[in-house]
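Before any comments, here is the structure.
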Amino acid sequence: MSERRNGLLAATIVGGIALDQVSKILAERWLLPTDLHTYLGGIFRIQMVRNRGAFLSLGSTLPEHLRQTLLIWGVGIFLLGLTIWIFRSKTATPTSRWCMAAVAAGGFANLIDRIRFDGGVLDFLNVGIGGVRTGIFNVADMYITFAVIWLLIDSFRTRKASQV
């Protein structure tokens, strides 16, 4: 793979981490844990919480040692492997490489939170209509979610193209 592409992939990862961390610094500076700000008739909400678990608080009730081991060490090892794959895979498509760079960016950004905040992640965004709402999330979660959606769409498109 070219040095230029590697540089762009690295910039994607570092830029995603930076964007997430800056958004969290601003949220910490401007929000109190009791604040709830609503916009667009309640469709968009900003509310700061510390998520001690993973996606939708999964694992938040695990014993502390097990939770720390899984969500810091386990995720850290996974992200290290993923990063090596992003830069060294001989079979990865450009789309999968870029999507995995976005997943790595989001994963590393949340891992930084877990290290900074004693195992917790700062979440502050929420969208929905009425009772149908997302969980509270952050910019890193958006990177991961959009990358996974992009990969799924690409896999269906690729599968459909190969059947023609």
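A single entry from L32, L9, L66, L80 fulfils the requirement of being out of contact with any Cys (no Cβ under 8 Å at 6 or more places or on another chain), surrounded by 15 or more Cβ atoms within 10 Å (Cβ to Cβ) and outside any strand (DSSP E or B): L9.
Only one of the numbered conditions (1) more than 24 Å from Y39 (Cβ to Cβ); (2) in contact with a strand residue (DSSP E or B) (Cβ under 6 Å, 6 or more places away or on another chain) is not met by N126, and that is (1).
Within the range 143-161, does at least one residue satisfy the condition of being touching a residue at least 60 places away in the same chain (Cβ under 8 Å), within 20 Å of I13 (Cα to Cα) and crowded, with 19+ Cβ neighbours inside 10 Å? Yes, the range 143-161 contains a residue that is touching a residue at least 60 places away in the same chain (Cβ under 8 Å), within 20 Å of I13 (Cα to Cα) and crowded, with 19+ Cβ neighbours inside 10 Å.
Of everything in the range 35-59 that is outside any helix (DSSP H, G or I) and among the polar types (S, T, N, Q), the residue that is nearest to T145 (Cα to Cα) is N51. Count of the range 120-159 residues, restricted to those that are of a type in the set (D, E) and either within 13 Å of the chain's Cα centre (by Cα) or modelled with pLDDT of 95 or more (or both), is 2.
Every condition in (1) of a type in the set (S, T, Y); (2) touching a Lys or Arg at 6+ places or on another chain (Cβ under 7 Å); (3) surrounded by fewer than 13 Cβ atoms within 10 Å (Cβ to Cβ) is met by T91 except one, and the failing one is (2).
Taking the stated definitions as given, is F117 modelled with pLDDT of 95 or more and not charged (D, E, K, R)?
Details: modelled with pLDDT of 95 or more: no; not charged (D, E, K, R): yes.
Against the criterion (modelled with pLDDT of 95 or more and not charged (D, E, K, R)), F117 does not qualify.
Can you confirm whether F124 is of a type in the set (A, V, I, L, M, F, W, C), part of a helix (DSSP H, G or I) and surrounded by 13 or more Cβ atoms within 10 Å (Cβ to Cβ)? Considered against the rule, which asks whether it is of a type in the set (A, V, I, L, M, F, W, C), part of a helix (DSSP H, G or I) and surrounded by 13 or more Cβ atoms within 10 Å (Cβ to Cβ), F124 comes out as no.
The values are calculated or read from the model by the stated rules, or taken from the named source; none is laboratory data. What you are looking at is a predicted structure, and each value in this text was computed from that prediction instead of being measured. Glycine gets a Cβ as well: all are built from the backbone with ideal geometry, and neighbour counts include every protein chain shown.
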